[in-house]
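Report on one structure; see the data block that follows.
Throughout, read-outs are computed from the coordinates displayed, never taken from laboratory work. Computed from a predicted structure; not experimentally measured. All Cβ positions, even for glycine, are placed from backbone atoms using ideal geometry, and neighbour counts span all protein chains on display.
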Amino acid sequence: MRTDAGRSARRRAACGAVRQPRALLAAAFLAAVLAHGAAAGAAEESAAAGEAAKFGADWQSWHANTNVTDMPSVQRGARNFVSYCLGCHGLKYQRWSRLGTDLSIPNELLEKDLVPPGDKSTDYILTTMPAKDAETWFGKAPPDLTLMARARGGNYLYQYLETFYVDPTRQTGANNLRLPATAMPHVLSELEGLKRAVFRDVMKKGEGGQFSHEPVFDHFEIIAPGRMSAAEYDSFVRDTVNFLDYVSEPTQAARRALGVWVVLFLLLFTWLAWLMKREYWRDVH
């Protein structure tokens with residue numbers, strides 16, 4: 001009996017000795033997993049902080065992603081244009097009545113909220129700013145924006161409206177990355193807020209082999225927030241650019257829809273022409 005009791009005691013001791021290293025290994029493995037997760041979380045937070053610190057560094061890759069078939073967006077863009085752009089810019093090839101018809105805006109609502117007092121719905125969309133006064137104030141008259149989206153592209157307009165920054169050396173107090181030394185003030189600053197452009201000094205070799213210092217844009221720094229959040233302002237700009245894209249070619253949505261039927265007709269006609277050719281040339285071959 002004593003021998004059996006001794007054997008049982010030794011077995012329990014051996015099992016305990018085996019279980020103890022296993023428990024230690026499990027604890028070490030769990031600690032390693034937790035440490036890896038903490039490190040990954042810290043890396044993600046660091047990357048996010050880095051991206052936030054480099055806000056705007058990739059501005060040249062920003063896209064407007066306009067869609068003129070998105071009617072609510074185009075309607076909001078029309079509202080934005082009348083509220084913030086019409087004071088200086090016109091749309092001399094577009095009538096108010098055409099705008100109301102294409103955007104499904106009732107005539108009563110069009111004249112109440114969009115058409116300036118004294119204008120008629122059959123008038124062209126023109127600014128009230130005299131060209132001579134504009135040249136005196138800004139150095140040049142603001143351009144008409146009817147065909148601007150076709151001439152420059154939607155991405156250009158989107159990047160232009162998103163890359164204004166504070167520049168005390170400019171007469172208007174603002175500058176722009178997309179169009180440096182722009183004469184246009186940042187009229188949307190109350191919505192977006194104010195931001196400063198941070199430049200880094202880069203040495204570049206000239207044609208004569210001499211090196212010169214050249215400032216290169218690095219990122220934006222927010223100085224003061226605006227009335228809109230970053231997402232709200234981005235949506236505001238996209239709607240405005242979407243409206244200008246529509247104005248540049250009001251029939252583009254109908255043209256694209258018609259183009260599908262034209263291609264189908266051409267395919268059908270090609271098939272019929274092939275059948276006719278095969279019939280005519282049957283005896284020859």
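Annotation for region 126-164 versus region 77-110: alpha-carbon center distance of 16 Å. Run the Debye formula on the Cα coordinates of region 59-248, all scatterers equal and no solvent, and tell me log10 I(q)/I(0) at q = 0.08, 0.15, 0.17 1/Å. Result of the Debye calculation: -0.31, -0.97, -1.19. Which lysines have a Cα less than 23 Å from the Cα of Lys132, not counting those fewer than 8 places away in the same chain? Straight-distance partners of Lys132: Lys92, Lys140. In the P(r) worked out for region 173-212, what percent of Cα pairs fall beyond 10 Å? Summing the P(r) of region 173-212 above 10 Å gives 77 percent of all pairs. Pull up the cross-link candidates among the lysines for Lys195, meaning alpha carbon to alpha carbon under 24 Å and not fewer than 8 places away within one chain. List returned: Lys54.
Basic side chains Lys and Arg get +1 at the Cβ, acidic Asp and Glu get -1 at the Cβ, and with that the dipole of region 101-183 about its Cα centre reaches some 420 debye.
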